[in-house]
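Heads up, the thing below is written out as structure tokens.
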Amino acid sequence: QVQLVESGGGLVQAGGSLRLSCAASGRTFSSYTMGWFRQAPGKEREFVAAISRRGGSTYYADSVKGRFTISRDNAENTVYLQMNSLKPEDMAVYYCAASISPASKLPWEYNYWGQGTQVTVSS
């Protein structure tokens, strides 16, 4: 089992940057593909980015491609989401998730979820 704890959210002006972190418990972090999702009020949870077990492959939603970067440090059991050029429409609760399956954009293919961290972007 994996426990995930996100951090790094906060308030930022449009155009600014934030770096989210997700710390995982357990010794098998490198066995999981990791993903970031977000959910804005009144909207469904949506895929943001995913990274393969060793970090060799990354995947992004079109809406964040070129602005966000997902990375992981398996020695530190941590996955990151660097968010640049933030827009008001990026405002949401951001969740990290772990999957025993190959990297996926589908939330139901993820087995473990963190509690989320709020990202607020002011215009």
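Per atom type, the chain shows carbon and sulfur on 46% of its accessible surface, probed at 1.4 Å. Checking every one of the trypsin sites (Lys or Arg not before Pro) in the range 23-110 against DSSP loop status and a limit of 14 other Cβ atoms within 10 Å picks out Arg27, Lys43, Arg54, Lys65. Please list, in order, the residues from the range 8-28 whose amide nitrogen is less than 16 Å from a point placed 7 Å along the Cα→Cβ vector of Thr58. Answer for the range 8-28: 17-22. When Lys and Arg each count +1 and Asp and Glu each count -1, what net charge do the other residues less than 13 Å away from Ile51, Cβ to Cβ, add up to? After counting each charged neighbour, the total is +3. You can think of it this way: the chain between Glu44 and Arg67 has 6.1 nm of extra reach, that is 0.36 nm per residue less the Cα-Cα gap. Within the shell of other residues whose beta carbon sits under 15 angstrom from the beta carbon of Gly15, the net charge comes to 0, with Lys and Arg scored +1 and Asp and Glu -1.
Per residue, the solvent-accessible area of the range 1-121 (1.4 Å probe, heavy atoms of protein chains only, all protein chains present) comes to 52 Å². Taking other residues whose beta carbon is less than 12 angstrom from the beta carbon of Phe37, and scoring Lys, Arg as +1 and Asp, Glu as -1, yields 0.
Taking GluC sites (Glu not before Pro) as exposed when their DSSP state is a loop state and no more than 12 other Cβ atoms lie within 10 Å, the longest site-free interval of the chain runs over 77-123.
The values are calculated or read from the model by the stated rules, or taken from the named source; none is laboratory data. Everything numeric here is computed off the predicted structure, so don't read it as measured data. We place every Cβ from the backbone using ideal geometry, glycine too, and count neighbours over all the protein chains shown. Side chains included, ligands, DNA and RNA excluded: accessible areas come from the protein's heavy atoms. Shrake-Rupley method; radii C 1.70, N 1.55, O 1.52, S 1.80 Å.
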